[in-house]
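**Q** Structure in structure tokens, see below.
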Amino acid sequence: MIDGHDEEVGPPGRPLVAVAVDAPGTVGGRLYSYVLPPPPAEAAEAGLGDVVIVPFGRRQAIGIVLGPGTPPPPGTPARSVVARVRAEGPILPSLTARLAASLAETYLAPAATVVRQMLPPGLLERLELVATSISADDPPQLEPAIVAALTAGPPDGLPVTALAAGSAGRPALLRRLRAEERAGRLRLEWVLRAAEVRPRLERRVRIRPEGQAALAALASLTAPEGGPGVTPPGGRLGPRQRAVLGELAAASPATDAPRDAGARPDGGGAAIPAARLAERHGGSAVSSLLRRGLVEVELTTVGRQPLAGRVGPTRPAVPLDTELSPAQAAAAGRIREAIAAGRHERFLLVGPTASGKTAVYRAAVEAALAAGRGAILLVPEIALAAPLLDRLTPLAPGSVALLHSALGEGERGDEWRRIRSGAARVVVGTRLAILAPLADPGIIVVDEEHDAAYKSDRTPRYQARDAALQLGRLAGAPVVLGSATPDVVSVGRARAGELVRLDLPEQLAGRPVTVRIVDLRAELAAGNHGLLSTPLAAALGALDRAAGERAILVLNRRGSASIVLCRDCGYVQVCPECHRPLVYHAAGLALRCHHCGASAPVARRCPACGSARIRYLGAGTEKLEAEVRRRFPDLRVARLDRDVSERKGATERIIDAFTDGQLDVLLGTSLVTKGLDVPEVTLVGIVSADVALNLPDERAAERTYQLLRQAVGRAGRGVRPGSAIIQTYLPDHPALRAVAEDDAAAFYDAELEARRAFGSPPFGRLVKLTVADPDREAAARAAERLAAAVTERAAGAAGRGESAGDTVVLGPLPAYVARRAGRWRFHLVLRGTDPLAALDGDPGPPWSVDVDPDSLL
């Protein structure tokens, strides 16, 4: 916030604008209205996406214009925008600005927080007040040194901080400068400077004329292929040194060299990044050539492009320029029609794995580019972005951008500027990419639309799939939600006519997959206490490595998500009213239902069979990796989970190695079930289906079904048949049977019926509120007060016949993780047709609001 301002009331008749105020104390979901003062004669009116300075409380704050304002209550004067901030145009395109306002309202998030998510880090930080002398005949009546500095300053103004404040101090200087501005002798203007990011320097190697001469001498000699090094003028050269010189000599600026590296006039060829040469031939070979004067190294400033120079897997991607199947052509045709008409339509593209959904996406992107518009494609995980980029880049070479949270600040800033300037017309990335400043998207694609990763777990807690639908409506562009296992909500919307369903019924390549369910109770009875059942271990041992067969093992454990389960009969203690798993709370040594609040003591013996073998179920991927390595030392194994993926580039390296056949077994969490297209995978093992299946959440069965179907789809994509083994203590669970019998319709029918009974999405809406306080009793009292207030408002709405009248308040209940970061946490869940109306706005600290939560944990 900015100190020192006078209260200003806008001139009558001037337009009102809605501003996202970047200051503490703003209310979630609210925009603040201000009057625009008349602009200077040579300046334009502030518009969408522009940065302004506004009064907020007793201070001034920076804000972003997101739309037209609303008049204040009668008798209340409207406050005026203090100044428009000069920048290189609006920081957001008008479309992105409108999306920011929509997301803030939908998710009750502070609008400025939404805007900051849309900007590269640091963009709003470098705000400067500059002064410019505008009258040579009537100079400012200030000290000669200040007048001289203003006169000699740059044309765009001199920062006020660069002027000598004198003995009276800087506040006095600011008052005198404002007086001079009112007298018309100088101009004060706020300027938003570009964020400072250090340039990226890259070491590049270029062959010298001496190296060219050495190569020419080698060509005239006749040493046997692969024999010892020959002795040209300048000394002996080994095979790797000769390979480096040959690559440097053959490099062409139009092909191998990066886009900003050029050949020298002396014929020295193009420079190649030293890191790339070291990776291919070894760093010692390059160092040796440098010492002998055959090559030279130069430092070059390069743009940050996250996948510049990406080699990827050596096996070529599946070609997408082949003729589409009839089902693909029909789906692509419907989407192309909407693109050509500039019409917002919502499509749900459903097809089993390997049914060709990506080819339909590519056809849609091609149509949008041909219409002169852009495209946004979302993937749930960073690892899935690179393969999609490999397939889309040929459509718009040099015009594809990548956005995800693992980019460095410089990389993200450079990609953002490429998109904002129009240099990049296709944006691929994780949920962050839906916030990209693309001015005119003609198609928006959400691949694997069911994935929980599309829901943000921090403010703003937006759901990227639903944000894509909002953006498509604002842009007049079709939106395609694609999945082999669509979200139950999306299936319900399609059945209600809110989405147009497009089906790709057949797998285009590969062989059927045999699914087998293994009962872990029988394994325990037989004395097997390891993570691998006898059938799964036998299948791993039978992998035909000579034929390149590979396996994927999945163990999806979410943090501390252990359940209490009888290891003799598989019984999980459930709520007698809701029939949902009870959650163990260590603080109270009790089991509690997270739906209705009922509690029960922890059973010492299984209520179903009387066994005392009641255990917490849950084992980590590291333990699984150790067991596989111990039992199968000849197999090449790699692990992929959150811990591994946080290391920059690790995910891409592991997946590329698995794709190229450098690994036999890839194991990990749900990351290994998404987007992998490796024909040599013949075995998929689900090590435990029970942890996710019995979470106390109404989406537990859905998430498990989707995970298993996605995992099974990784096998059988080549000429060899595939098999999947699912290990479980609950072999008769409907979700598992639906996977084994490939009966999706029955599963979705049962899930939608259960959702209808509870009034859950898509038949109603949910809002989860969480209070956190170091004092447990204070947190509980705050939860009780808000629950009573919402219940009272819902009752009043019911009496008036309003939609909020059916809102039901569940709780307060201790959170699944009851104490975090020294604070006790309680949940309230609001369920109904319009629970936001019953909530009546953001409750503010210490509450956090999650609209349309992905989980009730």
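**Q** In the chain, what % of DSSP beta bridges are antiparallel (nearest 5)? The partial results should precede the final answer.
**A** Details: 72 of 124 bridges.
Counting only bridges with both partners in the chain, antiparallel ones make up about 60 percent.
**Q** Another one. Report, to one decimal in Å, the Kirkwood hydrodynamic radius for segment 333-461 based on all distinct Cα pairs.
**A** On the way: mean 1/r = 0.0666 Å⁻¹.
Answer for segment 333-461: a Kirkwood hydrodynamic radius of 15.0 Å.
**Q** Out of segment 497-558, which GluC sites (Glu not before Pro) are coil in DSSP terms and have no more than 10 other C-beta atoms within 10 Å?
**A** On the way: sites: Glu498, Glu506, Glu523, Glu549; in loops: Glu498, Glu506, Glu549.
For GluC sites (Glu not before Pro) across segment 497-558 that sit outside H, G, I, E and B with at most 10 neighbouring Cβ atoms in 10 Å, the list is empty.
**Q** Helix-only estimate, please: 222 nm mean residue ellipticity of the chain, summing -39500 (n - 2.57) across DSSP H runs of length 4 or more and dividing by its residues, to the nearest 500. Provide the component values of the computation, followed by the final result.
**A** Numbers: 25 runs with 263 residues, N = 857.
Helix contribution divided over all residues of the chain: -9000 deg cm²/dmol.
**Q** Under 8 Å for C-alpha pairs, at least 6 residues apart: give me the relative contact order for the chain, rounded to a whole percent.
**A** Numbers: 1678 pairs, mean separation 82.4, N = 857.
With pairs under 8 Å counted, the relative contact order is 10 percent.
**Q** Still on this structure, please answer the following. In the structure shown, do any of Lys357/Lys455; Lys357/Lys674; Lys623/Lys768 have a Cα-Cα gap over 24 Å, and if so which? Don't skip to the answer; put the middle values down first.
**A** Details: Lys357/Lys455 22 Å; Lys357/Lys674 14 Å; Lys623/Lys768 34 Å.
Listed pairs above 24 Å: Lys623/Lys768.
**Q** Counting only protein heavy atoms and a 1.4 Å probe, tell me what percentage of the chain's accessible area is made up of carbon and sulfur.
**A** Details: 19350 of 37200 Å².
Result for the chain: 52 percent of the exposed heavy-atom area is carbon or sulfur.
**Q** Right, here's the next one. Based on Cα positions only, what radius of gyration and what Dmax would you give for the chain, in angstroms?
**A** 31.5, 100
**Q** Here's something else I'd like to know. Please express the shape of segment 627-765 as an equivalent ellipsoid: the semi-axes are the square roots of 5 times the eigenvalues of the C-alpha gyration tensor, given largest first in whole angstrom.
**A** Details: eigenvalues 191, 59, 42 Å².
That gives 31, 17, 14 Å for the three semi-axes.
**Q** Taking amide hydrogens as modeled 1.01 Å from N in the peptide plane, which residues meet the under 5 Å criterion relative to Gly351, leaving out close sequence neighbours?
**A** Under 5 Å from the amide H of Gly351: Ser483, Ala484, Leu504.
**Q** Moving on. Based on alpha-carbon centroids, what's the gap between segment 695-737 and segment 762-826 in Å, whole number please?
**A** 35
**Q** Given a 1.4 angstrom probe, what's the average accessible area per residue across the chain, in square angstrom?
**A** On the way: 37200 Å² over 857 residues.
Using a 1.4 Å probe on heavy atoms only, each residue of the chain averages 43 Å².
**Q** I've got another one for you. Non-local amide H neighbours of Gly685 (under 5 Å, H modeled in plane, Pro and chain starts lacking H): which ones?
**A** Ile552, Leu553, Val554, Ile725
The values are calculated or read from the model by the stated rules, or taken from the named source; none is laboratory data. Source: prediction; values computed, not measured. Backbone-built Cβ (ideal geometry, glycine too); neighbour counts: all protein chains shown. Keep in mind that these areas ignore ligands, DNA and RNA; they rest on the heavy atoms of the full protein, side chains included. Shrake-Rupley method; radii C 1.70, N 1.55, O 1.52, S 1.80 Å.
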